[in-house]
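The values are calculated or read from the model by the stated rules, or taken from the named source; none is laboratory data. Keep in mind the model is a prediction, meaning the values are calculated, not measured. As a convention, Cβ positions derive from the backbone with ideal geometry for all residues, glycine included, and neighbour counts pool all protein chains shown.
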C-alpha cells in the first residue's frame, strides 16, 4: 500500500471520530417540543401579511396570480370610469353648467337686468358648446334718460 | 466502532409506522403529532450535518430548529418529488450555508463531548496510541484539530466530507441534496480530502 492510500485510510478513521461527538444527554428528547412550541408561537404572532409573503415568495405562481388580479382590477376600474364619463352631446352633469347669480344680480330689479339667460341656457340645442355671452352677466342696464323727454 | 446515524435510523422504522408521505399529508392538514414524528425521525441527521458544518452546538441547535420550522411553513409546496428527508436536508443545508457566509471569519468552536464508545473505538485507539499514551487528552486534542481543519474547507467541500465520509450518504443522494451532478460531488470530495490530508499531515503519518 502506498503512502497516499495509507494516509487516506487514516484520514477516514480520523473523520470517524466526529461520529462520536454527541449533544448533551436528553437533547433530542427536548428538541421536537421546542420546535413545535416555536411553530405554535409563530402562528399566533404572525400577521396575515407575514404569513402570505413567504407563500408568495416560495411559489412564483402566487406572485403571477397576484399581479394578474391587480391588472384585472385596474382594467375593470378604468373601463368603469370610461363608461360613466358623460357623452359629448351634453347628457352628462359636467357639461350642464348653470349660470351663477351674484348677490348684486339677485338684489337688482328684474326689469333692469340685462339677461343673457336665453343664450346661456340654449346649450341643449344642436350646439353642445355654450356660446360665449356678449355681455358680462353682472352688468346693470339702466333706462335711458334724455333731458328733453322729462315732463 | 458505532454505526453511523443514518444506518441506525434506517433500521429504526417498523412496518407498522406510517411512512413519511402519510405523515406529511397529515401535517399539511395541521396534525402536529404527525409533524412531531417527522422531526423525531430526522432530527439527529439534520442536527449532525449542521453541527459538523458549524462545529458549534448552539449554532447547530438554532439552525436545526429554524430548518424544521421553515419546512413546516413550506409544507404546502412539498410535492413529494424528493423524499421528505432530502427536502428537509436541502432546507437545512441552504440555511446553514447562508449562516456561514454571514459568520465568515468569526469562527467559534463549541464542541460536543464525545460519547463513551470513542475510547473503545479500535481505529481511534490506534491513531491515538501512535501519538501519546495519554489517551483522553489526545482524543480531545484530535477532536479540536479535526474540527479546526474542517472549518478551513470551503462550505461545499466541508459539506461533501460531512455527508459522505461522516454520515455515510451515497454520492447520488448528496448530489440531490446539493443540487449538482454526481461528478461534481466526486471531484469536491477528492479535493476536500486532499486539503484535509495536507492540513492534518502531522496526525496522519
Inset, instruction - Could you list, in sequence order, all residues of the stretch A:16-37 that are over 18 Å from residue B:56 (Cβ atoms) and within 7 Å of chain B (Cβ to nearest Cβ)? - result: A:16, A:32, A:35, A:36
Legend entry - Candidate set from the stretch B:80-89 (those that are surrounded by fewer than 24 Cβ atoms within 10 Å (Cβ to Cβ) and in a helix (DSSP H, G or I)); member that is nearest to the other protein chains (Cβ to nearest Cβ): B:87
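Got a number for residues in the stretch B:110-151 being assigned to a loop (DSSP other than H, G, I, E, B) and at pLDDT below 75?
Step one: filter the stretch B:110-151 for residues assigned to a loop (DSSP other than H, G, I, E, B), giving B:111-112, B:115, B:121, B:132-134.
Within this subset, residues satisfying the condition of being at pLDDT below 75 are B:132-134.
Of the residues in that region, 3 qualify.
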Inset, instruction - Answer yes if at least one residue in the stretch B:186-195 is at pLDDT 90 or above, surrounded by fewer than 17 Cβ atoms within 10 Å (Cβ to Cβ) and more than 14 Å from chain A (Cβ to nearest Cβ), and no otherwise. - result: yes
Inset, instruction - Could you please tell me which pairs satisfy a Cβ distance under 9 Å, a separation of 6+ or placement on different chains, a first residue in the stretch A:28-41 that is over 14 Å from residue B:64 (Cβ atoms), and a second residue that is surrounded by fewer than 15 Cβ atoms within 10 Å (Cβ to Cβ)? - result: A:40/B:32
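Per-residue answers, yes or no, for (1) in contact with a helix residue (DSSP H, G or I) (Cβ under 6 Å, 6 or more places away or on another chain); (2) over 18 Å from residue B:109 (Cα atoms):
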position: B:151; (1), (2): no, no
position: B:161; (1), (2): yes, yes
position: B:180; (1), (2): no, yes
position: B:184; (1), (2): no, yes
position: B:195; (1), (2): no, yes
position: B:201; (1), (2): no, yes
position: B:205; (1), (2): no, yes
Inset, instruction - Sort out which residues of the stretch B:25-36 are crowded, with 20+ Cβ neighbours inside 10 Å and within 10 Å of chain A (Cβ to nearest Cβ), and write them in order of number. - result: B:35
Inset, instruction - Evaluate the following for residue A:53: is it at pLDDT 85 or above, assigned to a helix (DSSP H, G or I) and surrounded by 10 or more Cβ atoms within 10 Å (Cβ to Cβ)? - result: no
Inset, instruction - May I ask you to verify whether residue B:106 is within 17 Å of residue B:22 (Cα to Cα), in a loop (DSSP other than H, G, I, E, B) and out of contact with any helix residue (DSSP H, G or I) (no Cβ under 9 Å at 6 or more places or on another chain)? - result: no
Legend entry - In the stretch B:26-79, the residues that are part of a loop (DSSP other than H, G, I, E, B) and farther than 14 Å from residue B:96 by Cα: B:29, B:30, B:31, B:74, B:78, B:79
Inset, instruction - Check whether at least one residue in the stretch B:43-50 is over 19 Å from residue B:144 (Cβ atoms), out of contact with any helix residue (DSSP H, G or I) (no Cβ under 9 Å at 6 or more places or on another chain) and at pLDDT below 95, and report yes or no. - result: no
Legend entry - Filter result for residue B:94 (more than 21 Å from residue A:37 (Cα to Cα) and part of a helix (DSSP H, G or I)): yes
